[in-house]
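**Q** Quick one: structure below, then a few questions.
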Amino acid sequence: MRRDLADAKEEAIDQASRMGVLHDMQIGSLPFEVDLTEYGVDTASICRPSKEVGGDFFELQRLSDGRLFGAVGDVMGKDVHASLVSVISKAIAGSVTNRTDGPLGDAFMEISKEFLRLAPTHWLTDQGGFVTLVATRLDVETGEAEFATAGADTPIVVTKDGEIRELDIPSVAPFGWLDSPTFVTAKLKLNAGDSVIMFTDGVTEAPEPTDDNAPPTGNIEFGYERAQAAASDASKDGADAILHLLDQRIKHHLAGGEPIDDTTILVMTYQGPPEPPVDVSSDQPTET
């Protein structure tokens, strides 16, 4: 019995160690430290697994053509497979978009192909694995932004004055559901002070705690409209304020209850075209 207990304890320690490594790998790969302010965009983000590891991720980078790319994804499940696939999916989203010409929807079609090629076969076919993704690609010089989604909530776009700007993006299946999906690109010209908010369904599906003996309230999930309201209420103060208020309202909605899903939010606030670098060469004294 003592030997069995010792073996069980050792196995538990090994399992915790493995989960810790996976957590560090997943969270450590996320671009929390990326700073795009020199390109005219302020950002704020959170990625909070509901268990030791999860399937959420986000990407944020400057592409080789100078445009900025932001994306939020959600891998099915909250286990080891989800954690590993989230790291793969994040890498695919950024690298494929960077090398794909044409509209953002075309990049999504290429991402889908690459995902089907690289995702673990057992997880994809036997477990019905899939990944949702929502992304934007922004030309900071003109404010022209493209948007595309694969099974994810439509991004919220809000002006500095709190006005919600509508985006028309047809619903398309997540990656892994269809062999050759077609994705639509929505376009919108952002003005200085406009913010783009992308998130996983851990936001909209955050449950309201209920008493098992109480009748349904009819208002269980946090929902998309509450997310819009939070973005609108904090819009004048930019990315950090929007993220903070939305996160606080989700926690208030949970009322101390534990989240049932991972929560990831990425906010990008466009400040207008970046200032051109100052040419100081003409101010330097010349030698004679």
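The values are calculated or read from the model by the stated rules, or taken from the named source; none is laboratory data. The shown structure was predicted, so the numbers you read here are calculated from the model rather than taken from an experiment. Every residue, glycine as well, gets a Cβ built from its backbone with ideal geometry; the counts of neighbours run over all protein chains shown. The area values use the complete protein model at the heavy-atom level, side chains included, leaving out ligands, DNA and RNA. Shrake-Rupley method; radii C 1.70, N 1.55, O 1.52, S 1.80 Å.
**Q** Return the total of residues in the stretch 116-139 being within 17 Å of the chain's Cα centre (by Cα) and either closer than 17 Å to Ser180 by Cβ or open to solvent by 10 Å² or more (accessible area, probe 1.4 Å) (or both).
**A** The total comes to 4.
**Q** How about the stretch 92-115: which of its residues are without any contact (Cβ under 8 Å) to a residue 60 or more places away in the chain and either within 18 Å of Arg62 (Cβ to Cβ) or buried (at least 22 other Cβ atoms within 10 Å of the Cβ) (or both)?
**A** Ile92, Ala93, Gly94, Ser95, Val96, Thr97, Asn98, Arg99, Thr100, Asp101, Ala107
**Q** Residues Thr182, Thr204: which one is closer than 30 Å to Glu110 by Cβ, surrounded by 14 or more Cβ atoms within 10 Å (Cβ to Cβ) and polar (S, T, N, Q)?
**A** One residue alone meets the criteria, Thr204.
**Q** Right, next: Filter the stretch 52-75 down to the residues that are over 13 Å from the mean Cα position of the chain (by Cα), free of Cβ contacts under 8 Å to residues at least 60 places away in the same chain and surrounded by fewer than 23 Cβ atoms within 10 Å (Cβ to Cβ) and list them by number.
**A** Glu52, Arg62, Ser64, Asp65
**Q** Determine whether Asp237 is of a type outside the set (Ser, Thr, Tyr) and either at pLDDT below 95 or within 17 Å of the chain's Cα centre (by Cα) (or both).
**A** Criteria not met by Asp237.
**Q** Taking the stretch 221-231 as the search range and keeping residues that are surrounded by fewer than 19 Cβ atoms within 10 Å (Cβ to Cβ) and not charged (D, E, K, R), which one is nearest to Gly143 (Cα to Cα)?
**A** Gln228
**Q** Among (1) small (Gly, Ala, Ser); (2) in contact (Cβ under 8 Å) with a residue 60 or more places away in the chain; (3) assigned to a strand (DSSP E or B), which single condition is Ala148 missing?
**A** In the conditions (1) small (Gly, Ala, Ser); (2) in contact (Cβ under 8 Å) with a residue 60 or more places away in the chain; (3) assigned to a strand (DSSP E or B), Ala148 misses (2) alone.
**Q** Among (1) open to solvent by 20 Å² or more (accessible area, probe 1.4 Å); (2) modelled with pLDDT under 95, there is one condition Thr142 misses while meeting the rest; what is its number?
**A** Only one criterion in (1) open to solvent by 20 Å² or more (accessible area, probe 1.4 Å); (2) modelled with pLDDT under 95 is unmet by Thr142, namely (2).
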